[in-house]
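S.K.: Dropping the structure in here first, questions after.
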Amino acid sequence: MTALVILSAGLLAAPGARAGAQLYEPLSDSVRVALAAALRDRSPPEPRFASTMEKVDWLADMAERLPARHKPTHAERIEFLQMVRYEAQRAGLDPQLVLGLIQVESGFRRHAISSAGARGYMQVMPFWTRLIGDGDPSGLFDARTNLRYGCVILRHYLDMERGDLYRALGRYNGSLGRPEYPNMVQAAWKRWAYEPGPRLQQVSTPPPPSLPGGLTPTRGPSTLR
């Protein structure tokens, strides 16, 4: 019987899910109420961008990096990235940091379950749904719900640690004081770094208008006399 239980747990746990176990810690009433309120807003996920050009460039760049195995269509990748950016910004987090954390935690598998029982993209432990949510852990497989929980929890740990990301990541993974997990996430964060590149230049510099006969105007002084 024990062997069967162990085997079943192994089948349920998604390969490569690296979550530890976020540890249950009693919350003060004020913190619990604030975290619960942070979960409830269901505004449309409209992330902020400096311009339409930046939006096009960022989404194109990030979409190319997502694993096609788990996000096979362009539409799926764009929808996912917009949710990630919105939830990260809403929690005051860098979207690239959140993408790096998801890569380490679940490898972008929506239904990943770790050996500790953490669920979804950001490997959220089910006790959080009882502590600050509706008590239904199955909701953690919903993409936006999981991202909302994960970002709110990471923000909570950052506030606890007064902005110390290294320690906040340790708390998120249940490995506070050990370097492996924070180092992995920060390395992944660097791999997701975004710098405006040729795409943005191409989008921001429209092609010159066509002239009759397929000619295009030249730049600089005219050579005609």
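The values are calculated or read from the model by the stated rules, or taken from the named source; none is laboratory data. Predicted model only: the values in this text are computed from it and were never measured. Positions of Cβ are generated from backbone atoms using ideal geometry, with glycine treated the same way; all protein chains shown enter the neighbour counts.
S.K.: (1) under 23 Å from Arg42 (Cβ atoms); (2) surrounded by fewer than 21 Cβ atoms within 10 Å (Cβ to Cβ): which one isn't true of Val84, the others all being true?
M.R.: All conditions pass for Val84, except number (2).
S.K.: Taking the range 87-107 as the region of interest, how many residues are under 9 Å from the mean Cα position of the chain (by Cα), surrounded by fewer than 23 Cβ atoms within 10 Å (Cβ to Cβ) and farther than 12 Å from Val185 by Cβ?
M.R.: 1
S.K.: Find the helices (runs of 4 or more DSSP H) located wholly in the range 153-205 whose residues include 3 or more that are under 29 Å from Leu59 (Cβ atoms), modelled with pLDDT of 95 or more and touching a Phe, Trp or Tyr at 6+ places or on another chain (Cβ under 7 Å), and list them.
M.R.: Details: elements: 165-173, 180-191, 198-204.
The qualifying helices (runs of 4 or more DSSP H) are 165-173.
S.K.: Which pairs turn up if I take residues in the range 50-63 that are in a helix (DSSP H, G or I) and look for partners that are of a type in the set (S, T, N, Q) with beta carbon separation below 8 Å, at least 6 apart in sequence or on another chain?
M.R.: Pairs found: Met53/Ser204; Leu59/Gln82.
S.K.: Give me the pairs: first residue in the range 70-88 and touching a residue at least 60 places away in the same chain (Cβ under 8 Å), second residue assigned to a helix (DSSP H, G or I) and among the β-branched types (Val, Ile, Thr), beta-carbon distance under 8 Å, and six or more apart or on different chains, which are they?
M.R.: Here the result reads Val84/Val98; Val84/Ile102; Glu87/Val98; Ala88/Val98, each pair linking the range 70-88 to a residue that is assigned to a helix (DSSP H, G or I) and among the β-branched types (Val, Ile, Thr).
S.K.: What are the residues in the range 78-107 that are small (Gly, Ala, Ser) and in contact with a helix residue (DSSP H, G or I) (Cβ under 8 Å, 6 or more places away or on another chain), if any? Step through it out loud before you land on a result.
M.R.: Of the residues in the range 78-107, the ones small (Gly, Ala, Ser) are 88, 91-92, 100, 106-107.
Answer for the range 78-107, where residues must be small (Gly, Ala, Ser) and in contact with a helix residue (DSSP H, G or I) (Cβ under 8 Å, 6 or more places away or on another chain): Ala88, Ala91, Gly92, Gly100.
S.K.: Identify the single condition in (1) under 20 Å from Arg148 (Cβ atoms); (2) part of a helix (DSSP H, G or I); (3) not β-branched (Val, Ile, Thr) that His70 does not satisfy, given that it satisfies every other one.
M.R.: Every listed condition holds for His70 apart from (2).
S.K.: Filtering the range 118-154 down to residues that are over 19 Å from Leu93 (Cα atoms) and in contact with a Gly (Cβ under 7 Å, 6 or more places away or on another chain), which residue is surrounded by the fewest Cβ atoms within 10 Å (Cβ to Cβ)?
M.R.: In this case the residue turns out to be Phe141.
S.K.: May I ask you to say which residue of Pro26, Pro67 is at pLDDT below 95, under 22 Å from Ala187 (Cβ atoms) and either in contact with a His (Cβ under 6 Å, 6 or more places away or on another chain) or surrounded by fewer than 18 Cβ atoms within 10 Å (Cβ to Cβ) (or both)?
M.R.: Pro67
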